[in-house]
Each structure stands twice: as C-alpha cells, then as structure tokens.
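These notes are about the structure you will find just below.
Since every read-out is calculated from the coordinates, none of them should be taken as a lab result. Predicted model, so just to flag it, every value in this text is computed and none were measured. Cβ atoms come from the backbone with ideal geometry, glycine included; neighbour counts cover every protein chain shown.
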C-alpha cells in the first residue's frame, strides 16, 4: 500500500507537467498505427475502450479519432483533472486503482468493453505478489465476451540501463533530474525523480520487473488467454514489434490477451 500511495502522490503533483514530460511519446503512431492494427489481426471489434491508468489521457485521441467510445480510470486525481480539462464530456473518467478495478460503466450496464488498455508501463507499478492477478481479474470482469486487453511492460534491458543511470531534462519553470538507484536488476527497480519549480519534492518510485512467463501465467489464472507477446524497439522514431521477444534486445514487451468464456 505504501508504494501505491507514494506513486499516487507523485503523479498528483506531477500532473500539470506530465504532458510536456512525455511529449516525445507519439501515441498516434504507437497506438493508432501499430497496436490497433495488430489487435485487429486478433479479432478486435470497434466499440468501447477502457484505458486503465489513463493518466492525462494521452491515449484518448487515437481512439476517439477512430470512432471509439472511451472511458478512462486512474488512481491520481491530479492526472484525471488534467484529462477532464482536455477532453470534457468526450470521455468518461473514473478514479480507480488498476489493482482494485471495479465494474466500470458501461461494463456494469451493457456488456463490457471490447478493449482494455494499460499503457506506458502501468503493470510495472504493480510491485507486490498477487498484484498482477488482482489487476487481470478486474480487467476480465470489464471485458465483453471475446474482448481484448493490451499492455506493455519494461524489460530487463530497460531496467539495467535506464534505472541504473541518471539524466536531466528542462521543463517549463524547472528542471527534472532522474537518478537511477538500481544495479543488476532482475525483478524490480527503484528510481528517484526530482522536479524543481513545480512543488514536487524528491520521491522514490518503485517498479517491478515481471518475467513474460509470469505475466502469461497470471493472465491465464484470471481467465484471460494470452494471444501474443512481442518485443518492442524503436528505429528512426518508429515503433517496431518483433517476435520472439528478447529481454536483452527489446526495451518493452507488448502483451495481447482475450477474455475466456
């Protein structure tokens, strides 16, 4: 629970500059041009999408522009506030932690969601044993029969390099310093994120590495059938999905699974 509250507090304070901080993340290309076409190969039917850990709604536009009805949920009130300012009544927003996901409207009234997304390393913030299973069980409850879930997770390559180094960036009104605190990471990492000029004090974020086979076992135990697992890399600012995934070569894994009935 301490990790949950720490993460929520950081993102509440970080919300006002989150979009600037993630401005190089091209969701139109990543979700719109890569992930959605891949999901369609696995039978995705357009309808309602639930973005779990939606943050400020970076993934909303590619879905809305393609005719999806979008619902977002996040544990951070600050992040939801930013999403509400940007999208107004174009989306429904709910405050909920992914590990305690309730039935979210419209799932509770009219058959669930055709697609559930957990993007930008949401699952790596699940740091306790049992977190994956709890989150996946909640996702299954919200999926329509045959509905799909897609999510990414950081690999050993990402943890060993990005979480064991440091860098600084300048945002409007202040600087952001990342100090990696982990070496030889296998199943988890901690890092310190410091943002000056925005009222954010240094906090330690903890992320956990989840081996792909453990992820697939957790999916199956929750009643979700793994359909695909890709390694992700970038080349010339383009996202490339490759199979088989290689945690020493790819910095992310992409998992696709379906509800089992």
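Relative protection proxy for 90-100, 111-121, from highest mean packing down: 111-121, 90-100 (other beta-carbon atoms within 10 angstrom). The listed peptides 58-68, 144-154, ordered by packing as a protection proxy, come out as 144-154, 58-68 (highest mean of other Cβ atoms within 10 Å first).
The distance linking the range 105-152 with the range 231-259 is 20 Å (Cα centroid to Cα centroid, whole angstrom). Each of 104, 260, 239, 123 was scored by other Cβ atoms within 10 Å of its Cβ. Arranged with the fewest first, they read 260, 239, 104, 123. Neighbour counting of Cβ atoms within 10 Å sorts the residues 127, 155, fewest neighbours leading, into 127, 155. Taking the fewest neighbouring Cβ atoms within 10 Å as the starting point, the ordered list for 125, 27 is 27, 125.
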